[in-house]
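The values are calculated or read from the model by the stated rules, or taken from the named source; none is laboratory data. It should be emphasised that the depicted structure is a prediction, and the values quoted were computed from it without experimental measurement. A quick note on method: Cβ atoms are made from the backbone with ideal geometry, for glycine too, and the neighbour counts reach across all protein chains shown. Areas reflect the complete protein model, heavy atoms only, side chains present, ligands, DNA and RNA absent. Shrake-Rupley method; radii C 1.70, N 1.55, O 1.52, S 1.80 Å.
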Amino acid sequence: MILYKLKKFYRLFIITYIFFSIAISFYPSFDFYSLKGQAIIVTVSIFNGILGIFIKKL
């Protein structure tokens with residue numbers, strides 16, 4: 001059970017990280033390589049991963 005939730009979390013985390021990084025990199029004033037920029041991307045990805053565990057299907 002815990003392995004299933006962990007697998008579901010990481011899958012959504014990685015997908016969100018990749019797509020959100022690509023999308024926000026087109027914003028001119030966003031500094032992708034800064035600590036603040038990476039913290040924003042990782043926070044959003046963690047949030048999406050946690051929601052993916054609890055929300056079955058919309």
Proximal charge balance of GLY52 [Cβ under 9 Å; K/R count +1, D/E count -1] | +2
Mind putting a number on the dipole of the chain about its Cα centre? Charges go on the C-beta only, +1 for Lys and Arg and -1 for Asp and Glu, and I need it in Debye to the nearest 20.
-> 420 debye
Packing-based order for 50-56, 29-35, 8-14, using average beta carbon neighbours within 10 Å, highest first | 8-14, 50-56, 29-35
Carbon and sulfur atoms: what percent of the 1.4 Å accessible area of the chain do they account for?
-> 76 percent
